[in-house]
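Trainee: Below: one structure in structure tokens.
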Amino acid sequence: MRLITQGFLALAMASGVLLGAAAQTMKVGSGAVHLSPKAGDKPPPVAPHRTEAMLKLAAPTNQWYSTLIFNPKPEALFAHPLTVKTTPAGLELALPSKEVVPTEFRTTEILYMHRDALVIAPAAFEPGPAKLARASDWAVDIAMDRGADQMQVTVAHGSPYAHITLSRGDVRIKLPAAGERISTASDARVLALRIGAKSYAMFGPTGVRWEQVSPTEWIGRLPAGAGYLSAAALPDERPESLQLLTRHAYAFLQDTRVDWRFDPATSKVETTFTAKTRVMEGADNGPLLGLYPHQWFNNASVADKLGPTYDSIRGKIRLLAASQFKIERTYSGVLPHWPGIKEGPGASELNDMLKVDQRKRRELIPGRENKDNWRVTAYWQGKGLTRATQLAAVAEQQGDAGTREQLLTLARERLEWWFGGAGRSYFHLDKALGTVVTYPDEFFAVEEMNDHHFHYGYWIRAAAELTLRDPAWGAKDKWGGMVDLLVADIATPQRGRADFPFLRPFDPYSGFSMASGVGLYDFGNGQESTSEAINAWASIILWAEATGNRELRDLGIYLYTTEIDAVSHYWFDVHKQVFPPEYKNVEASWVFGGRYAHKTWWTDEPRQTKGINLLPITTFSTYLGRDPAYVKRNVAALKPETDNYNAIGKFPPNPPPKDVWQDIFAKYLALADPAAALAQWNRFGSVEDGDTRTHTLHWMLSLQDMGLPDFGVTADTTLYSVFKRPDGSKTYLAYNATKAPLNVKFSDGKTLTVAPGALGRTQ
């Protein structure tokens, strides 16, 4: 078993790493990474705003708090339900409200921005520039020290509190408008204030004296040796809610941790969230956690324990008085490919189309050293690698061994050329930040640390496809060491490492990834293409199976199942818990800490706006068909959205084809109605750059033959799928990545024996 429990550099040294001083490269098996950028290439950004201890660790980029470490004037942190912002005047704290912003396309955007904040500051000294002092899985400590004077703030996802400690002196509270004090006669430690339509409370130590300086300013006289308080937004003005927050206000968060466990026998993923606290005074009442919809919805283990709720950009955040809670999800399997289409009216058309794509195989992956070709970058090369290997799998299943070998050879040559490090396109290991980046830079993947999981997911899948067929190629002393490097960059499961951060883009509490690396926006951090994120996690599952790494397999399954669940809430709102009535679109394509919208970074054109959360549609994408009625509704919305867009007439200088990505929408619709999808698809129409006509037709014909994905049946293996026809009959598939026959048992009692390195099928 190959584990990734040690630092990458140690793994590399164990596999015979050699340093080339002149070339500044480091051998990794048969590949190499550059230890510094080549002339003219900019290095990744620095992250100086960390304490000395944090500077010794890999920088936590792509997180909801990453703005802290890169920016001398960091943007607001969207902790939910609170927002906080560190400023020279002190800590701003606010409870955002819904803002509905009309767009020119007759739709709306939804914002919950950081506005009208309280400012909390020491009265005895000026707070210093903010530095990240500690990060656990969903909480951070922020140091705002000035010389020997110390101010520390702890904020966390879901928490109604900001926990604050001061080394000396009193605390000053400045309000955004005149506040009215809410009676707390039973507890003199509490200052509760109504400010407009919102209410806040400060929970000081025993002996604190709250003095009003003006209608918009209060001073908390803190007793000697008790320089602490909690500041909170109240969910409502009910006395029992204030009592609840008072009871838990003195349990300061000290550590937060997410653990996952996959049970192959039941195909269940159990996720455990644990918070540890430090009791500042009084009884140990434990923490008060705020659960997001994807954590409390249909979660029987917490259903009768939830308290007051906060309105938020994510829907209702519900309070839970507990130090731990769990979520159980079902893993419904992935496959590297589906069987061939040997019979039926589409079989001959598929084989003819395969011949056409085979003749154009050199066009599948953009050229290598053509400097005028803007697609010689990691993203487009990765999409090309997936396109070639997916087409190879179709050829393999159709019995065309010659085409399969030509396509796999093409992919192998391109991977080895990049991994070899000798060309203009190369990988750079930056030890200072703790990352591996690629050149030429595109989408600010180097300059702003964006999109690594989008890019590397394609590469990891292509490498897995080769290794499933040639295990020696993927050995760590050959080319597998380079693949492990890409995996480690986006999915290191250990905390506190110096080479790579813990789960770089993935937010364990929010349940989804974040593409923005450095935190530039006043609406927080977030993500656009969820489907490419999910593709990365499924690719890790496949790579783990190809290399026999069970620890990595379990991690990939956790990431895959968790992000699918979160996306169903926050991008697609299939459970009707998130989008307000004012939001006009079926889905969101942009989701950030304080904003979601139906747009992309590069266009407002509806087909691309919708399709960016669908592509690439491969055998990993069956999750998109969990709700066939939603699929039909989403596809049906495309025409009115396009009509609105066309009516505005704000087209780019080089507009895309009118049927852009029509193959993506045909494949998506096939998850609900394969016959309608085949009727809609134009084999001579637009083709998305990560796909081929052959693979598109194979996908639709396969679903027409096997039926729609059946998520009610699981298996006791990793690589599987089940499909159900309208008449109730089923198709069971499983892939065996091992060297011995595999006996698979499905949850409905069906069994299947699969030969080594083969795809098994039974009815």
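We did not get these values from a lab; they are worked out from the coordinates using the rules stated. Nothing here was measured: the structure is a model prediction, and the numbers come from that model. Ideal geometry is used to build each Cβ from the backbone, glycine not excepted, and the neighbour counts take in all protein chains shown.
Trainee: If the Cβ limit is 6 Å and pairs must be 6+ apart or interchain, which residue in the stretch 177-204 that is free of Cβ contacts under 8 Å to residues at least 40 places away in the same chain and under 11 Å from Leu118 (Cα atoms) pairs with which residue that is of a type in the set (Val, Ile, Thr) and crowded, with 17+ Cβ neighbours inside 10 Å?
Mentor: Gly179/Ile195
Trainee: Scan the stretch 673-723 residue by residue and report those that are among the polar types (S, T, N, Q), closer than 30 Å to Arg553 by Cα and not in a helix (DSSP H, G or I).
Mentor: Thr692, Thr714, Thr717, Thr718, Ser721
Trainee: With the requirement that a residue be among the acidic types (Asp, Glu), under 12 Å from the mean Cα position of the chain (by Cα) and either assigned to a loop (DSSP other than H, G, I, E, B) or over 16 Å from Arg504 (Cβ atoms) (or both), what does the stretch 538-566 give you?
Mentor: Asp565
Trainee: OK, next. Say we look at the stretch 150-175 and pick out the residues that are among the hydroxyl-bearing types (Ser, Thr, Tyr) and in a strand (DSSP E or B); which of these is farthest from Gly290 (Cα to Cα)? Spell out the reasoning first.
Mentor: Narrowing the stretch 150-175 to residues among the hydroxyl-bearing types (Ser, Thr, Tyr): 154, 159, 161, 165, 167.
Now restrict to residues that are in a strand (DSSP E or B): 154, 161, 165.
Working: Thr154: 15, Tyr161: 10, Thr165: 22 Å.
By that ranking, first place goes to Thr165.
Trainee: In the stretch 431-463, what residues are of a type in the set (D, E, K, R) and either assigned to a helix (DSSP H, G or I) or surrounded by 21 or more Cβ atoms within 10 Å (Cβ to Cβ) (or both)?
Mentor: Asp451, Arg461
Trainee: Oh, and also: Can you go through Lys342, Lys326, Lys316 and tell me which one is surrounded by fewer than 15 Cβ atoms within 10 Å (Cβ to Cβ) and of a type in the set (Lys, Arg)?
Mentor: Within the list Lys342, Lys326, Lys316, the selection yields Lys342.
Trainee: In addition: Tell me which residues, restricted to the stretch 688-727, are hydrophobic (A, V, I, L, M, F, W, C), farther than 14 Å from Ala677 by Cα and buried (at least 22 other Cβ atoms within 10 Å of the Cβ).
Mentor: Within the stretch 688-727, Met706, Ala715, Leu719, Val722 meet the criteria.
Trainee: Filter the stretch 107-149 for residues that are charged (D, E, K, R) and either assigned to a loop (DSSP other than H, G, I, E, B) or free of Cβ contacts under 8 Å to residues at least 40 places away in the same chain (or both); which is nearest to Trp590 (Cα to Cα)?
Mentor: Residue satisfying both the conditions and the ranking: Arg115.
Trainee: Which one is nearest to Ala192 (Cα to Cα), of the residues in the stretch 68-124 that are touching a His at 6+ places or on another chain (Cβ under 9 Å) and among the polar types (S, T, N, Q)?
Mentor: Thr83
Trainee: Could you say which residue among Thr403, Thr409 is without any contact (Cβ under 8 Å) to a residue 40 or more places away in the chain and not in a strand (DSSP E or B)? Let's see the steps before the verdict.
Mentor: Values: Thr403 fails: without any contact (Cβ under 8 Å) to a residue 40 or more places away in the chain.
Step by step, each of Thr403, Thr409 is checked, and only Thr409 is without any contact (Cβ under 8 Å) to a residue 40 or more places away in the chain and not in a strand (DSSP E or B).
Trainee: Only one residue in Gly707, Gly690, Gly749 is within 31 Å of the chain's Cα centre (by Cα), of a type in the set (Gly, Ala, Ser) and farther than 26 Å from His455 by Cβ. Which one?
Mentor: Within the list Gly707, Gly690, Gly749, the selection yields Gly707.
Trainee: Since Ala139 meets every condition but one in (1) farther than 23 Å from Gly227 by Cβ; (2) in contact with a His (Cβ under 8 Å, 6 or more places away or on another chain), which condition does it not meet?
Mentor: Every condition holds for Ala139 apart from (1).
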